[in-house]
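What follows is a short report on a single structure.
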Amino acid sequence: MLRLLIELLRVVQIVVFIRVILTWVMPGRLPPAIKPVTDRIDMVLRRFQVLIPMGPGYIDLGPMLFLLLIEVIMRVLYAMMWRGMLGAPMFLP
């Protein structure tokens with residue numbers, strides 16, 4: 001079960017990374033085929049939006065924060081999975 005959740009989070013990381021690359025490569029309108037996926041990713045990323053002024057525009061740190069959060073969650077899940085497999089207590093005092 002943890003393994004499946006970890007793999008799902010890895011897929012989300014890849015999709016977010018591809019979305020970020022697409023905003024650099026295709027900053028205008030996106031093809032209709034990928035629009036539903038990007039709309040859902042953008043909806044999640046809006047909650048993490050942190051804009052930093054940079055000259056005439058802004059840099060959005062939201063995707064980086066979101067990817068960092070996913071990475072932390074994955075590391076916790078990996079630790080839980082390995083400690084559970086080795087028979088050690090899940091949380092050490």
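The figures follow:
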read-out	value
Count - residues of the range 51-62 that are within 16 Å of Thr23 (Cα to Cα) and open to solvent by less than 100 Å² (accessible area, probe 1.4 Å)	6
Hits in the range 23-50 (condition: hydrophobic (A, V, I, L, M, F, W, C), open to solvent by less than 90 Å² (accessible area, probe 1.4 Å) and either under 15 Å from the mean Cα position of the chain (by Cα) or under 27 Å from Arg75 (Cα atoms) (or both))	Val37, Ile41, Val44, Leu45, Phe48, Val50
Flag for Val76 being touching a Pro at 6+ places or on another chain (Cβ under 7 Å) and open to solvent by less than 80 Å² (accessible area, probe 1.4 Å)	no
Every pair of residues 6+ apart whose Cβ atoms lie under 6 Å, when the first sits in the range 33-54 and is without any contact (Cβ under 8 Å) to a residue 12 or more places away in the chain and under 20 Å from Ile14 (Cβ atoms) while the second is open to solvent by less than 100 Å² (accessible area, probe 1.4 Å) and not in a helix (DSSP H, G or I)	none
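The values are calculated or read from the model by the stated rules, or taken from the named source; none is laboratory data. Computed from a predicted model, the values in this text were never measured in an experiment. Positions of Cβ are backbone-derived with ideal geometry, glycine not excepted, and every protein chain shown enters the neighbour counts. Please note that ligands, DNA and RNA were not included when accessible areas were found on the heavy atoms of the full protein model with its side chains. Shrake-Rupley method; radii C 1.70, N 1.55, O 1.52, S 1.80 Å.
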